Structure formats: structure tokens, C-alpha cells
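Below is one structure, written out as C-alpha cells, with a few remarks after it.
The values are calculated or read from the model by the stated rules, or taken from the named source; none is laboratory data. Because the structure is a prediction, the values reported are computed rather than measured. Because the Cβ atoms are built from the backbone with ideal geometry, glycine has one as well, and the counts that use them run over all protein chains shown. Side chains are part of the model used for accessible areas, which takes the heavy atoms of the whole protein and leaves out ligands, DNA and RNA. Shrake-Rupley method; radii C 1.70, N 1.55, O 1.52, S 1.80 Å.
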Amino acid sequence: MLRHDWTLEELRAVHDLPLPELLFRAQSVHRAHHDPQAVQGCALLSIKTGLCPEDCAYCPQSAHYDAGVEPQDLLSVDETLASAREAKAQGATRFCMGAAWREAPEGERFERVLSMVRGVRALGMEACCTLGMLTQEQADRLAEAGLTAYNHNLDSSPEFYSKIITTRTYQDRLDTLKRVRRSGVTVCCGGIIGMGETVEDRLGLLAELARHRPHPESVPINSLVSVAGTPLGERAPVGALDFARVIATARIAMPASIVRLSAGRLELSEEGQALCLLAGANSIFLGDRLLTTPNPRASADEELLTKMGMRLCEDPVTAAPAAQA
Ligand code: SAM
Ligand code: DTB
Ligand code: SF4
């Protein structure tokens with residue numbers, strides 16, 4: 001039974017359990033809904049980089065800061081599909097295209113993104129986009145092009161959100177998520193830990209996500225990649241035990257969702273990553289680059305999964321949204 005009425009207090013009680021109990025519960029829930037040995041490999045490509053008008057304190061792509069990111073206008077369909085083919089050859093079954101936009105554009109550039117989506121689907125991969133805010137018409141057109149998922153993170157609790165992002169509101173994010181849901185595209189929505197938020201803020205995000213009906217099919221948990229030049233450029237990384245507690249709580253609150261151990265793996269040891277996978281994460285980003293920051297090498301990931309006796313999913317895993325209601 002999936003629940004949509006988790007309270008902050010209940011989530012706090014779960015999060016604060018003795019670690020053996022928390023991991024046992026998360027693993028039990030995990031096994032009831034997923035193959036515990038399988039991890040979905042996703043690849044990320046920044047299709048439009050830098051000069052973003054939004055002011056998100058964590059983001060190296062914001063035009064408000066100088067984080068040394070080389071700006072790059074929207075890639076061509078061919079460049080994008082070449083990267084998708086490479087990702088597929090490396091074992092990824094989902095290809096995520098990210099753009100440093102406040103909102104998706106109209107006209108030729110949007111048509112180009114639609115062609116990218118059709119091309120990725122034609123390769124037999126799941127296609128995901130993250131383009132900023134969408135109108136209902138844009139969401140519907142992405143659905144028509146065959147988009148599997150739309151990534152749009154709520155990042156933190158409503159209370160903490162306004163301390164890190166000043167150019168849009170939590171409600172703006174919720175509105176886009178509603179449009180995505182209405183279009184029939186599945187929802188990928190999660191957040192970032194390690195920005196100076198409290199545990200309550202982390203759980204506030206999970207409580208919000210768990211209230212959604214259906215739950216987001218995909219929940220990325222990022223740990224801040226602290227980039228010099230941004231206001232959060234000197235933050236210490238979150239420890240593996242804290243990371244794992246958030247993942248385990250997300251797993252328990254949203255049992256059927258894919259929980260993604262997303263940004264921040266380079267700051268974790270092999271054992272730290274293993275702990276997060278044991279806590280219920282069942283997806284990682286493959287490839288040595290996220291959008292603008294580095295990610296573990298393919299050989300390191302292969303080694304980790306082999307040592308753990310785990311494997312990458314061979315086929316796409318995302319079910320239709322109705323399956324999660
Ligand atoms: N501009 C679009 C938007 O913000 O929705 C899409 C691209 S944006 C880079 C996608 C997500 O990346 C953000 O919502 C945020 O959660 C994550 N992100 C950005 N910078 C990050 C960082 N330094 N560390 C961890 N996650 C980050
Ligand atoms: C998500 O939650 N994490 C990914 C994906 N969605 C788009 C992005 C991580 C970005 C990390 C910082 C960077 O590489 O620029
Ligand atoms: Fe722009 Fe997205 Fe970065 Fe915010 S997170 S500055 S919207 S690219």
C-alpha cells in the first residue's frame with residue numbers, strides 16, 4: 001500500500017531510527033517493489049549550458065555567478081544523439097537532457113528539443129528532459145514526442161527554498177509539476193542535501209513529494225556539488241551516513257519510485273556509495289560528467305557494482321504513471 005499522508009513527525013521518526021532498523025525497513029520495502037540487485041544507469045547531457053537568468057545559489061550555471069562554466073548554446077540534434085548512442089553503449093537505459101533555462105523556449109529551439117526526444121526514444125532508451133518551467137502546451141507536446149520523464153526538482157522544504165532561490169517560487173515549481181503530470185509524462189522530482197538546510201528541511205521535501213498522488217516515479221537525491229564562485233562554493237560535503245538516512249527515508253515513504261543516488265558520488269567513498277545503494281537507491285548517473293561537474297569514471301562504477309554483486313538494468317524500467325497511483 002502506498003501512502004500519501006506521511007507527516008513530518010512520522011518521517012522524522014523513520015529518519016532517526018537506529019541505523020540497523022532503518023536499513024532493515026528500507027531494504028524490506030525495496031525488495032517488495034524492486035529487484036534489489038538491479039540499478040538503473042542513466043546518462044546526463046547538458047544540451048544548453050550556462051548563462052541561466054535564474055538565481056539558484058547552488059548552481060554553477062547561473063548568470064548571477066562566475067563559476068568558470070563555459071557557456072554553450074543549444075546543441076544540435078546530431079550532437080545530442082551521438083552522445084545518447086555512446087551512453088547506451090555504456091549501459092545507460094535512460095538519457096537525460098538538461099538545459100540552463102528559466103523556462104523552455106518557444107519556436108525552433110523547442111522543436112529541436114522535441115526532435116532530440118524522438119531520436120532518443122528511437123534508440124530504445126527512456127528520454128528525460130529538464131528545461132525549467134513549462135506551459136501546458138509544451139508539456140503536452142513533449143508527451144506527444146514520447147518523453148518518458150520530466151525532471152523538475154523542488155530541491156528542499158518550502159521554507160528553505162526561498163533562502164537559496166530568489167527568482168522563482170515553490171509554487172511555480174509545483175505548477176509545472178502539475179502540468180507535467182496532466183500531460184501523462186512521468187515525474188522526476190527530488191532535491192539537494194548539504195546546502196546548509198536542517199534535517200527538518202530534508203524531510204519537509206520528502207513529505208511534500210510523498211503527498212503527491214501518484215508519487216513522482218523518480219526521486220533524485222543530490223548531494224550538493226560545491227562549486228567555487230557560487231554562494232555555496234565552500235560547503236563541506238554531507239557524510240555518507242546522513243546521505244543514506246535521507247535515501248532510506250525516501251525509499252520507505254515512496255516504495256515504488258526509483259530513488260536516484262544522483263550528484264555528489266565523487267565525494268563519497270566506495271563504501272559510502274555502497275551504503276546508499278543498500279539504503280534503497282536504485283539508480284546512478286553513468287559517465288564522467290554530470291551537467292557541468294565531474295562524476296565517477298565508468299571503470300569505477302563497474303568495479304563498485306561487481307564488488308557488490310549488483311548489475312545495471314538491461315531494459316528501461318519506467319512504468320506508465322497509472323501504475324503508481
Ligand atoms: N534549469 C532547469 C531547472 O533548474 O529546472 C534544469 C537544469 S538544473 C541544473 C537541474 C537540477 O540540477 C536542479 O534542479 C538542481 O536540483 C540540480 N543541481 C544544480 N546544481 C547542482 C549542484 N551544484 N549540486 C547538486 N545538484 C545541482
Ligand atoms: C538531478 O536531480 N540531478 C541532475 C539532473 N537532475 C539534471 C543534475 C545534477 C547537476 C549537478 C551539477 C552540475 O553538474 O552542473
Ligand atoms: Fe538555471 Fe536550473 Fe541552474 Fe537554477 S538550477 S540557475 S534554473 S540551470
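Seen from GLU197, the other residues with C-beta closer than 12 Å to its C-beta sum to a net charge of -2, counting Lys and Arg as +1 and Asp and Glu as -1. Placing unit charges on the Cβ atoms of the charged side chains and taking the dipole of the chain about its Cα centre, the candidate lying farthest along the positive direction among MET125, LEU203, LEU290 is MET125.
With contacts taken as Cα pairs under 8 Å at a separation of at least 6 residues, region 181-325 carries a relative contact order of 23 percent. Once C-alpha pairs closer than 8 Å and six or more residues apart are averaged by separation and normalised to the residue number of the chain, the relative contact order reads 24 percent. Amide H contacts for SER223 (H built 1.01 Å from N in the peptide plane; partners 5 or more residues away or on another chain; cut-off under 5 Å): ILE193, SER262, ALA263, GLY264. Lysine pairs in region 21-312 whose alpha-carbon atoms fall under 30 angstrom of each other, counting only those eight or more residues apart or on distinct chains, come to 5. Ligands, DNA and RNA left out, the accessible area of the chain computed with a 1.4 Å probe is 52% carbon and sulfur.
In this structure, the amide hydrogen of GLU103, modeled 1.01 Å from its nitrogen in the peptide plane, lies closer than 5 angstrom to those of MET133, counting only residues at least 5 positions away or on a different chain. Note on the chain: with a GNM built from Cα contacts shorter than 10 Å, the maximum mean-square fluctuation among GLU86, GLU108, GLU197 falls on GLU108.
Distance from the C-alpha centroid of region 275-313 to that of region 114-152: 24 Å, rounded to the whole angstrom. Across region 140-149, rounded Karplus estimates of 3J(HN,Hα) from the backbone phi angles (6.51 cos²θ - 1.76 cosθ + 1.60, θ = phi - 60°) give 5, 6, 5, 4, 4, 6, x, 4, 7, 8 Hz, Gly and Pro being marked x. When DSSP beta bridges are restricted to pairs lying wholly in region 21-312, around 10% turn out antiparallel.
Here is the list for region 222-325: GluC sites (Glu not before Pro) lying in DSSP coil, each with at most 15 other C-beta atoms within 10 angstrom of its C-beta, are GLU234, GLU314.
Largest accessible area first, the residues MET1, MET116, MET308, MET133 order themselves as MET1, MET308, MET133, MET116 under a 1.4 Å probe with ligands, DNA and RNA left out.
Counting only cysteine Cβ atoms and a cutoff under 4.7 Å, the chain contains unmatched residues CYS42, CYS52, CYS129, CYS188, CYS189, CYS276, CYS313. Backbone geometry of region 73-79 corresponds, through the Karplus equation with coefficients 6.51, -1.76 and 1.60 at θ = phi - 60°, to 3J(HN,Hα) couplings of 6, 3, 5, 7, 4, 4, 4 Hz, x marking Gly and Pro.
Rounded to the nearest 500, the 222 nm mean residue ellipticity of the chain from helices alone is -12000 deg cm²/dmol, with -39,500 (n - 2.57) taken per DSSP H run of at least 4 residues. Amide H to amide H distances under 5 Å link VAL39 with ARG311, LEU312, CYS313, where only residues 5 or more positions off or on other chains count and H is placed in the peptide plane. Across region 207-212, computed HN-Hα scalar couplings (Karplus, 6.51 cos²θ - 1.76 cosθ + 1.60, θ = phi - 60°) run 5, 4, 4, 6, 6, 5 Hz from first to last residue, x flagging Gly and Pro.
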